[in-house]
Amino acid sequence: MTAAARAAPANGLFVAVVGPSGAGKDALIRGLADRIDAGDRVFIARRVVTRPADAFEDHDTLAEHEFLAACADGRFALAWSAHGLHYGVPREIEARLEAGQAVVCNVSRAVVGELRRLFRQSLVVLVTARPETLAARLAARGRDDGASRRERLERSAAAEVVCQPDATIDNDGALDEAIERLQALVFGALRSAAP
């Protein structure tokens, strides 16, 4: 499954927050959401995933057959599969981009090349943490067994090289500092992207 075929509006800025599982991408995005208001021209996009949301990952949920039907109907601006699940970013973001807003979303590193082709103005922010921090966070979620967690961590380093981020945030320290860094990156890029 790949991103949508038609080109998205070029006025706004797509901010892709990427990184390995356990890096804290959703925590940073939630923190950013708490710091913005309607006048900031920043929109936090909710992904659609074929897994129920939980305390670690906030998203909308569709059953697999519903997701595939939505994808066939062209309801996603960007869609991909990973770890046996399907993920999509609703096409509603196109109106936000057309209005010159920054759309911030947690996406897979595997679709960075595609999103850069789809969205003329993009900012790819890689969120990282030390391997032992990632392992501890993944264990706390209780979704995978030890072998699956090790496999995810091993794939992580290679994926970071491939996605060639525009900026990196180390999320091993104070969460507030990492949120401030994301906020500065988003607002700085939005100013630069303004026509």
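The values are calculated or read from the model by the stated rules, or taken from the named source; none is laboratory data. Bear in mind that the values here come from a model prediction, so they are computed numbers and not experimental data. Note that we place each Cβ from the backbone using ideal geometry, even for glycine, and neighbour counts take in every protein chain shown. We work out accessible area using only protein heavy atoms, side chains counted, and drop any ligands, DNA or RNA first. Shrake-Rupley method; radii C 1.70, N 1.55, O 1.52, S 1.80 Å.
Residue-level check: of (1) modelled with pLDDT of 95 or more; (2) charged (D, E, K, R); (3) in contact with a Lys or Arg (Cβ under 9 Å, 6 or more places away or on another chain), Asp34 misses just (3). For region 184-193, indicate whether the set of residues that are open to solvent by 60 Å² or more (accessible area, probe 1.4 Å), at pLDDT 90 or above and in contact with a strand residue (DSSP E or B) (Cβ under 6 Å, 6 or more places away or on another chain) is non-empty. No, region 184-193 contains no residue that is open to solvent by 60 Å² or more (accessible area, probe 1.4 Å), at pLDDT 90 or above and in contact with a strand residue (DSSP E or B) (Cβ under 6 Å, 6 or more places away or on another chain).
Each residue in region 171-183 was checked for being open to solvent by less than 20 Å² (accessible area, probe 1.4 Å) and part of a helix (DSSP H, G or I), and 3 pass. Does Gly100 satisfy the condition of being at pLDDT below 95 and at positive phi? Here the answer is yes, as Gly100 does meet what is asked.
Being in a loop (DSSP other than H, G, I, E, B), modelled with pLDDT under 85 and open to solvent by 70 Å² or more (accessible area, probe 1.4 Å) holds for only one residue in Arg150, Arg143, Arg137, Arg155, and it is Arg143. Only helices (runs of 4 or more DSSP H) whose full extent lies in region 1-118 are considered here, and the ones with at least 3 residues that are under 25 Å from Gln183 (Cβ atoms), in contact (Cβ under 8 Å) with a residue 40 or more places away in the chain and open to solvent by 20 Å² or more (accessible area, probe 1.4 Å) are 25-35, 93-98.
Considering only region 38-58, state which residues are closer than 11 Å to Val89 by Cβ and touching a Phe, Trp or Tyr at 6+ places or on another chain (Cβ under 8 Å). Correct list: Arg47, Val48, Val49. Does region 119-134 hold any residues that are assigned to a helix (DSSP H, G or I) and either touching a Gly at 6+ places or on another chain (Cβ under 9 Å) or open to solvent by less than 40 Å² (accessible area, probe 1.4 Å) (or both), and which are they? Correct list: Thr133, Leu134.
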